Amino acid sequence: MSKIPTARIDKLLSSLGYGSRSDVPLMAKMGRIFLDGKPVRDVSQRLQLTDDLSSRLSIDRQPLDPLMGMVILMHKPVGVTCSHKESGALVYDLLPDRWGRRTPALSSIGRLDKDTSGLLLITDDGPLLHRIISPKRHIKKTYLATLDRPLNGTEIDIFASGTMMLNGETKPLAPAELKIVSSHQALLTITEGRYHQVRRMFAATGNHVTQLHRTTLGGLALPDTLAPGEWTVLSPGDINLIFA
Ligand code: URA
């Protein structure tokens, strides 16, 4: 059996962004931290990092935030960027402020363009992020594309061919599946994550994507109940669905 990791309360709370290592003893002194219903005085005590910790440890009477290794599923709205560096509205601004101070930091798993909406995953788990974006895994991503001009009927075969070449690239695209929804809409499933891939694929057929929305990633679908800008923390079972 693998050993359950432990952490000091002060180290844990500062890693989760509640305050610096020197803030946490002051928070305890003020009676803001409770463990199993009793105020915490000694923030050097070590706790086992088990999943029930969020129901046992509270800060300002609120359950502890999810531990490290969390995965967030967000309905990314149009107009926000998946980057820590750019100016303007970022996907991270839609999360609690404190989560911006977590270590390890949260990062999006792959990127959606500023103008793309839909299913976006965000995590602090680097190895998991790399497993999901690894080209070797061929994880499927489906996009609903709305087009400027009617589909011309050749796209299904071109995208499925495995020989389609994007401008400026030397390696053909892996086969992709196109399902026609209407004259100006189609669902495209790809297994790669090249730069602006979906928009460039339609551009190569003489069309132009006017709206792009990601509906699924692996075995996960964007829930209808999640409005643009809303998000949820995935359970371990949901995380496994990514690889299903
Ligand atoms: N393909 C694109 O062109 N844009 C995205 O945001 C995702 C896939």
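The values are calculated or read from the model by the stated rules, or taken from the named source; none is laboratory data. Because the structure is predicted, anything quoted here is derived from the model rather than measured. Quick reminder, even Gly has a Cβ in these numbers, built from the backbone with ideal geometry, and neighbours come from all protein chains shown. Note: accessible area is taken over every heavy atom of the protein model, side chains too, but ligands, DNA and RNA are not part of it. Shrake-Rupley method; radii C 1.70, N 1.55, O 1.52, S 1.80 Å.
Here are a few things to note about the model shown:
- With a cut-off of 11 Å between beta carbons, the residues surrounding residue 82 carry a summed charge of +2, where Lys and Arg count +1 and Asp and Glu -1.
- For the range 24-38, 3J(HN,Hα) per residue [Karplus equation, 6.51 cos²θ - 1.76 cosθ + 1.60, θ = phi - 60°, Hz, x = Gly/Pro]: 4, x, 5, 4, 5, 4, 7, x, 8, 10, 10, 10, 6, x, 10
- The portion of the accessible surface of the chain made up by carbon and sulfur, rounded to a whole percent, is 54 (1.4 Å probe; DNA, RNA and ligands excluded).
- Surface per residue (accessible, 1.4 Å probe) for the range 1-103, Å²: 56 Å²
- Within the range 115-200, GluC sites (Glu not before Pro) in DSSP loop having at most 16 other beta-carbon neighbours inside 10 Å: 169, 192
- Here the chain is scanned for trypsin sites (Lys or Arg not before Pro) in DSSP loops (not H, G, I, E, B) that have at most 10 other Cβ atoms within 10 Å, and the longest stretch holding none of them is 86-244.
- Along the chain, counting only chymotrypsin sites (Phe, Trp or Tyr not before Pro) with a DSSP assignment other than H, G, I, E or B and at most 14 other Cβ atoms inside a 10 Å radius, the longest segment between sites is 1-194.
- Computed over the chain, the quotient of the alpha carbon radius of gyration and 2.2 N^0.38 Å is 1.23.
- Cα centre as origin, Lys/Arg/Asp/Glu Cβ charges: the chain dipole, Debye: 700 debye
- Applying 1/(1 + (r/R0)^6) with r as the Cβ-Cβ distance of residue 4 and residue 238 and R0 = 22 angstrom yields a FRET efficiency of 0.50.
- Amide proton proximity set for residue 219, modelled H, under 5 Å, gap of 5+: 242, 243, 244
- Local electrostatic count at residue 141 - Lys and Arg +1, Asp and Glu -1, tallied over other residues with Cβ under 10 Å: +1
- Summarising the strand pairing of the chain, around 90 percent of its internal DSSP beta bridges are antiparallel.
- Residue among 113, 36, 97 with the largest mean-square fluctuation in a Gaussian network model of the chain, springs linking Cα atoms under 10 Å: 36
- Measuring spread by the Cα atoms of the range 6-63 yields a radius of gyration and Dmax of 10.0, 26 Å.
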